[in-house]
1. Mind checking the full-extension length gain between Thr100 and Arg197? Use 0.36 nm per residue of separation minus the Cα-Cα distance, one decimal, nm.
2. Evaluate Rg over Rh across the chain, taking Cα atoms for both radii and Kirkwood's formula for Rh.
3. Starting from the Kirkwood radius over alpha-carbon pairs of region 8-141, derive D by Stokes-Einstein at 4 °C in a medium of 1.567 mPa s and give it in µm² s⁻¹.
4. Between region 110-165 and region 179-202, what's the alpha-carbon centroid distance in Å?
5. Give me the distance in nm between label points sitting 7 Å out from Cα along the Cα-to-Cβ direction at Ser206 and Met275, one decimal.
6. For region 187-276, max minus min Cα coordinate along each principal axis, in Å, sorted largest first?
7. Spelling out what I want: for every residue of region 25-31, take phi, set θ = phi - 60°, compute 6.51 cos²θ - 1.76 cosθ + 1.60 (Karplus), and round to whole Hz; glycine and proline get x.
8. Mind sorting Tyr208, Tyr41, Tyr77, Tyr202 by how few other Cβ atoms lie within 10 Å of their own Cβ, fewest first?
Amino acid sequence: MSNAYIHAKTLHQLETLVKDLPQSVLVSGPVGIGLKATVTYIAHALKAKPVYVLPEKDEKVDLEKGVITIDVIRRLYATTKTVETGKRLIVIDYAERMSTQSQNAFLKLLEEPGINTHFILLTHSVAKALPTILSRVQIVEVQPISVDQSSSLLEELKVTDAQKRAQLLFIAEGLPALMTRLAADDKAFESRVQIVRDARTYLQGSAYDRLKIALTYKDSREDALTVLSDAGKLLKGSIKNGQAKDVLQKIDAVLSAHERIEANGNIRLQLASVMF
């Protein structure tokens, strides 16, 4: 298996981990980092086949709107009581979608593990895990891959157009799973590039332009947060290039809006209220 697109620090941590795999591991990192790559590495090293537990809606797997219910955990409990001769890897993907009830039910599994059973929780939001869960898992924080690794990945993906390479590096540098997906999906790539364009307009346009963008993104908290994140990256880039005045104040305003929207604030009002 290739380790080319795992950060060296993360790879070293995984190499140490598989020598004596803990009963429970929590793997975290930003969206697009490719958390499943760590599972692939661990499973390959231990010659084990991972079993995935995924969010559900109406008793069917639903990665977009599903949750991990207490019923899912109860089914998992029954699975762990079956006999397993080799190492059993149970991977709870989107672990942040476990409710408090589900996490408390899962806690019983951590306290009474089956023989040869190991749990791997994948999450982009460690803060949503209960302290009682965090106290019983070893945490692996997956680092973004290096600039050289990102460039090598673009080569492997056969992205030769200079403009597209630059756009992918802006959007997904360090995030191999996101970069791979966008390079392969033209529609998703164009949608993501449009968000970058809107972020630039948000920074450089008038109050009326910001109001229009607020109306465009008012129904998608995720996309609104992405607009503000891109705006922040554009501003930081202008600091490096020495091209902007009062950039720090603008960054502060963008970060404040991002925090309020993330905390469930009104999307349209928060986007429209930022003044430059």
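1. 31.0 nm
2. 1.01
3. Approximately 86 µm²/s, per Stokes-Einstein.
4. Each part reduced to its Cα centre gives a spacing of 22 Å.
5. 1.6
6. 35, 29, 23
7. In residue order, the calculated couplings are 10, 10, 10, 10, x, x, 4 Hz.
8. So the ranking, lowest neighbour count to highest, is Tyr208, Tyr77, Tyr41, Tyr202.
Rule-based calculations on the coordinates, nothing more; no lab input. Owing to the predicted nature of the structure, the values given are computational and were not obtained by experimental measurement. All Cβ positions, glycine included, derive from the backbone under ideal geometry; neighbour counts span all protein chains shown.
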